[in-house]
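Novice: One structure, pasted below without further comment.
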Amino acid sequence: MNNQKFFLIAAILLSLFLLKQQWDRQHTVDANGNLVYQQQVADTNASTDNPADADVPSAISVNTAVDVPASQQIDEDAFITVVTDLLTLQISQKGGTITSARLNDYPIELDSKTNFQLLSDKNGELFQAQSGLLPSGQMPTHHSLFSAAQANYQMQGDQLTVPLVWQGDNGVVVTKNYHFNKNSYIVNIDYQVSNNSNNSIDVTSYTQLVRNELDESNMMMPTYTGGAKFDDQDVYEKIDFDEFNEQPKTTSKGGWMAMVQHYFFVAMIPDAQKTHNYSAKTNNDKHLLTIVNPAQKITPGTTALLSNNALYIGPKEQSIIDDLAPGLDKTVDYGVLFIIAKPLSEVMHWIYSYVQSWGYAIIILTLLIKLAFYKLSEKSYRSMAGMRKLAPRLAKLKETYGDDKQKMGQKTMELYRTEKINPASGCLPILVQIPVFISLYWVLLEMVELRQTEFWYLLDLSAPDPFYILPLIMGASMFIQQKLNPPPPDPMQAKIMMALPFVFTIFFLWFPSGLVLYWVVNNILSIAQQWFINKRING
C-alpha cells in the first residue's frame, strides 16, 4: 500500500470515526480502560450488613399524594435558597429535594450575568436530586413536607448547615441537615432521627437522581449524556436512557452513580465501607438512578444520626474530582482510549501549572507529542520523500506497461528493490500515532477548563472560531502537506485527495477552537519536519 492510499484511507476513517461516535458511546469500560459488555451482577443475598430491600417512592409527579402529618401546615411549593461560594441551590420543602442548582463560577455563556443551571425544575428539562428515609408512612420520603427556620441561607465562613424538620404523627421527629463547605461542590446530607414512638424502627436512607432525557451532543461533537455507575469491582458502566429499565438491581460496597453530560455531572457517592443497593429505571418519561443504604435500627426513646449519600454537583474538573471517589475521573468521557487520554490530560494540566494558559498548554503538549514521535514520523516522511523522487520514473513505467498490470507490478517492485524503498514502511509509524492523536482529541473535547477560556483573539477555546481564521489555516496547512507528498498515480485518488482540505475545513468551522488549534499546530510541525527531510534527501 503506498502512502497516498494510506493517507486517503486514514482520512476517510477519521471522518467515519467522528460520525460513528454516537453509536460507540455506550460501552462499558473497566478501571484499566478495557471494554466490558456485560457486568456480572453482584450477589444480592440479604444479610445484616446489606441494605434493606425496600421500595423507594416514585419520582415527583403532579398526581403524587403528599405525606402531610395532621399537625403540619406547610406550603408544598415553598423552597429555601442556599448560596455558597460555588453553588446557588433551591431546596424544596416538599421532600427536601434539590430542585435547582446553579454553578456560580460558570456563566451560561460568555459575559452573561446568568450562571449555568445544572439541576432544574423547568418543563422538559427536569433534573433533580431527591432523598429521604424508609419505611414510608413512618419516615419522611421525598414526598413529605418539611419546615424550615428561614427561607434564605448564605455561607459566611468556611461551613454552612441548613436544617429541615419533619414531625410525624407517630412521635418521630427528623431533622434533615444539608452540609456545605467552602471551595467544595459536595453537598453532604444526614438525618437526626428522634424515635419518640413506642416501637423500634429499621430506618433506611436513600438518594435518587431524576431527569428527563436531554441529549446535548451533535454529529460533529458527539458527547455522552446519560447515566453512569462505578462498583466495587472497579467496573465503570454507562447507562443509556433507553437501557434504564433493562438494568438489574445490584449491590456494591462503595462505588457511585451519576447523571453525566458534557462538562458537568451530578454524582451520588455513598459510604465506601458499606454495601448499598443500586438501581435504574424509567417511569413516566423520567429516568431515575437510586442508591439505597443499609438499614439502621432505632429503638424507642433514642436519637440516632444517619448519614446519607454525598452529592457532587459540579464540573468535570480533573483537579477536583480525582480524589473524591475511586473511578469518578471516568465521568470525564475519554471513551475506549481512556488509558492513553488520562495521562495526556495530566501532562496538559502539569504544563498549565507553569504557563497558566490553556492555549499555550495545547501548543506545548502538541510539540511534546511531535518530539516523542519524531523518529517514527521521520521514517514515514523519508518513505514519502523517496516515493516523490521516484514519481517521474513510476509515471514512465505506467506509460510503458499501463495495459499489462502484471508486468507493471513486476517492474514497479524491481524499481523499489533497486532504490531500496519500501512503500509500506511509512504506514506503520503513522498507524502507531493515530490512537494518541484521537485520545488528545477527546481530552480537548471533554475539558471543561477550556470553556470560556480566552487565548489570543479567541474568547472561548470551547467554542468555534468566530472569524474562521484557525479552520482556514488548518485547511491551508493540509493543502501544503499534500503538495509535499508524491501525487497518487490514480487520477480519481488524486481528485479525492485534493478535495480533502476543503472538506475538513468545512468540518472544522464548527469544531471548538481549542481542537482546531491542536490540529493547526500539529500540521505546521509536520510540514516543517517533512520539508526538512525532503530538502536533505533531494539536496
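Novice: Convert 25 °C to kelvin, take the viscosity as 0.890 mPa s, use the Kirkwood radius over C-alpha pairs of the range 254-400 as Rh, and evaluate the Stokes-Einstein diffusion coefficient in µm²/s, rounded to a whole number. Intermediate results must be reported in sequence, preceding the final value.
Specialist: Details: Rh = 20.7 Å.
After rounding, the answer is 119 µm²/s.
Novice: Roughly how many debye, to the nearest 20, is the charge dipole of the range 186-344 about its Cα centre, given +1 on each Lys and Arg Cβ, -1 on each Asp and Glu Cβ, and no other charges? List each step's numbers first, then the result.
Specialist: Values: 12 positive and 20 negative charges, 92 e Å.
Charge dipole of the range 186-344: 440 debye, to the nearest 20.
Novice: Still on this structure, I have one more. Mind giving me the nanometre distance, one decimal, between the label points for THR303 and LYS122, set 7 Å out from Cα along Cα→Cβ?
Specialist: Those two pseudo-labels are separated by 4.2 nm.
Novice: Which shape class applies to the range 111-169: rounded if a/c is under 1.5, otherwise prolate when a/b exceeds b/c and oblate if not, where a ≥ b ≥ c are the square roots of the Cα gyration tensor eigenvalues?
Specialist: Numbers: a/c = 2.86, a/b = 1.40, b/c = 2.03.
Judged from the Cα gyration tensor, the range 111-169 comes out oblate (a/c at least 1.5, b/c at or above a/b).
Novice: Please find the FRET efficiency linking ARG417 to ILE339, where r is the Cβ-Cβ separation and R0 is fixed at 45 Å, and quote it to the nearest 0.05.
Specialist: Efficiency for this residue pair is about 0.65.
Novice: Have a look at GLY171, SER112, SER131 and report the one farthest towards the positive end of the charge dipole of the range 103-177, computed about the Cα centre with Cβ charges (Lys/Arg +1, Asp/Glu -1).
Specialist: GLY171
Novice: Decide, for the range 454-534, between rounded, prolate and oblate: order the square roots of the alpha carbon gyration tensor eigenvalues as a ≥ b ≥ c, take rounded if a/c falls under 1.5, and otherwise choose prolate if a/b is larger than b/c, else oblate. Provide the component values of the computation, followed by the final result.
Specialist: Values: a/c = 3.73, a/b = 1.69, b/c = 2.21.
In terms of gyration-tensor shape, oblate.
Novice: Quote the accessible area belonging to PHE230 in square angstrom, nearest 10, computed with a 1.4 Å probe and with ligands, DNA and RNA left uncounted.
Specialist: Accessible area, nearest 10 Å²: 10 Å².
Novice: Could you give the nm distance between label points at ALA476 and GLN406, where each point is 7 Å from its Cα heading toward the beta carbon?
Specialist: 5.2 nm
Novice: Oh, and also: Assuming R0 = 60 Å, can you tell me the calculated FRET efficiency for the pair THR88 and LYS483, based on Cβ-Cβ distance, to the nearest 0.05? Don't skip to the end; give the middle numbers.
Specialist: Numbers: r = 55 Å, r/R0 = 0.92.
That gives a FRET efficiency of 0.65.
Novice: Let me ask something else about it. Could you estimate the translational diffusion coefficient of the range 213-290 from the Stokes-Einstein equation, with Rh from the Kirkwood formula over C-alpha pairs, at 25 °C and 0.890 mPa s, in whole µm²/s?
Specialist: Details: Rh = 13.2 Å.
Answer, rounded: 187 µm²/s.
Novice: For GLN493 and GLU346 in one chain, what is 0.36 nm times their gap in residues minus the Cα-Cα distance, to one decimal in nm?
Specialist: Working: separation 147, 0.36 × 147 = 52.92 nm, distance 4.00 nm.
Computed gain between GLN493 and GLU346 is 48.9 nm.
Novice: Please label the shape of the range 264-333 as rounded, prolate or oblate, based on the square roots a ≥ b ≥ c of the eigenvalues of the alpha-carbon gyration tensor (a/c under 1.5 means rounded; beyond that, a/b larger than b/c means prolate, else oblate).
Specialist: Values: a/c = 2.63, a/b = 1.50, b/c = 1.75.
It comes out oblate by the Cα gyration axes.
Novice: Report the FRET efficiency, 1/(1 + (r/R0)^6), for ALA149 and ILE506, where r is their Cβ-Cβ distance and R0 is 45 Å, rounded to 0.05. Don't jump to the answer; show the numbers that get you there.
Specialist: On the way: r = 59 Å, r/R0 = 1.31.
That gives a FRET efficiency of 0.15.
Novice: If packing is taken as the average number of other Cβ atoms within 10 Å across a peptide's residues, how do 509-522, 363-376, 340-353 rank, most packed first?
Specialist: Numbers: 509-522: 23.4, 363-376: 16.1, 340-353: 17.6.
The peptides rank, most packed first, as 509-522, 340-353, 363-376.
The values are calculated or read from the model by the stated rules, or taken from the named source; none is laboratory data. Keep in mind that this is a model prediction, so the values were computed, not measured. Please note: Cβ atoms are built from the backbone with ideal geometry, for glycine as well, and neighbour counts cover all protein chains shown. SASA here: full protein model, heavy atoms, side chains in, ligands and nucleic acids out. Shrake-Rupley method; radii C 1.70, N 1.55, O 1.52, S 1.80 Å.
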